[in-house]
Amino acid sequence: MAQSAQENRHPDGMSRSIVNVEVLLHFFANEYRDCNLLPGLKNIACPTRGLGGEDDPTTPIEDQSDIAPAVPANLVTFHRFKECGHGAYRDCPDETLPILREFIARCQAEIGEGEGN
């Protein structure tokens with residue numbers, strides 16, 4: 001079984017984060033209910049890898065599953081993980097990190113090829 005997000009959290013994670021309480025309050029009071037980013041996803045023009053946790057309390061897996069079809073099909077791959085929450089890379093690093101490493105390596109190789117290297 002994967003470690004929990006709490007067990008796997010970087011000890012300095014929050015100290016490296018910037019939290020603006022005014023922005024958070026504004027978002028949840030005004031923007032959150034009507035926020036729909038799906039229509040804009042069709043404009044993505046770069047390779048995209050989605051990692052979805054089935055136990056995500058913030059973005060349920062059913063909502064996450066709507067994201068991949070909204071991105072151009074030739075650019076997106078979506079991976080679904082059991083026993084993972086909102087940060088699948090934190091909850092399931094053994095499963096997610098190899099996927100991310102492969103994705104980054106492939107993108108770097110494609111960029112290198114595109115520059116004539």
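One table, with the values for the structure above:
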item: The stretch 63-86, residues that are touching a helix residue (DSSP H, G or I) at 6+ places or on another chain (Cβ under 6 Å), in a loop (DSSP other than H, G, I, E, B) and not β-branched (Val, Ile, Thr); result: CYS84, GLY85
item: Count of residues meeting criterion [within 19 Å of THR96 (Cβ to Cβ) and among the small types (Gly, Ala, Ser)] in the stretch 56-83; result: 2
item: Count of the stretch 25-62 residues which are assigned to a helix (DSSP H, G or I), modelled with pLDDT of 90 or more and out of contact with any helix residue (DSSP H, G or I) (no Cβ under 6 Å at 6 or more places or on another chain); result: 9
item: Flag if VAL23 is of a type in the set (A, V, I, L, M) and touching a Leu at 6+ places or on another chain (Cβ under 9 Å); result: no
item: Pair list, Cβ < 8 Å and 6+ apart or interchain, from the stretch 41-62 residues that are surrounded by 13 or more Cβ atoms within 10 Å (Cβ to Cβ) to residues that are part of a loop (DSSP other than H, G, I, E, B) and of a type in the set (Gly, Ala, Ser); result: GLY52/SER65; GLY53/GLY85; GLY53/GLY87; ASP55/GLY85; ASP56/GLY85
item: Top-ranked residue of the stretch 4-15 - restricted to ones that are within 19 Å of the chain's Cα centre (by Cα) and part of a helix (DSSP H, G or I), ranked as modelled with the highest pLDDT; result: MET14
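The values are calculated or read from the model by the stated rules, or taken from the named source; none is laboratory data. Keep in mind the model is a prediction, meaning the values are calculated, not measured. We place every Cβ from the backbone using ideal geometry, glycine too, and count neighbours over all the protein chains shown.
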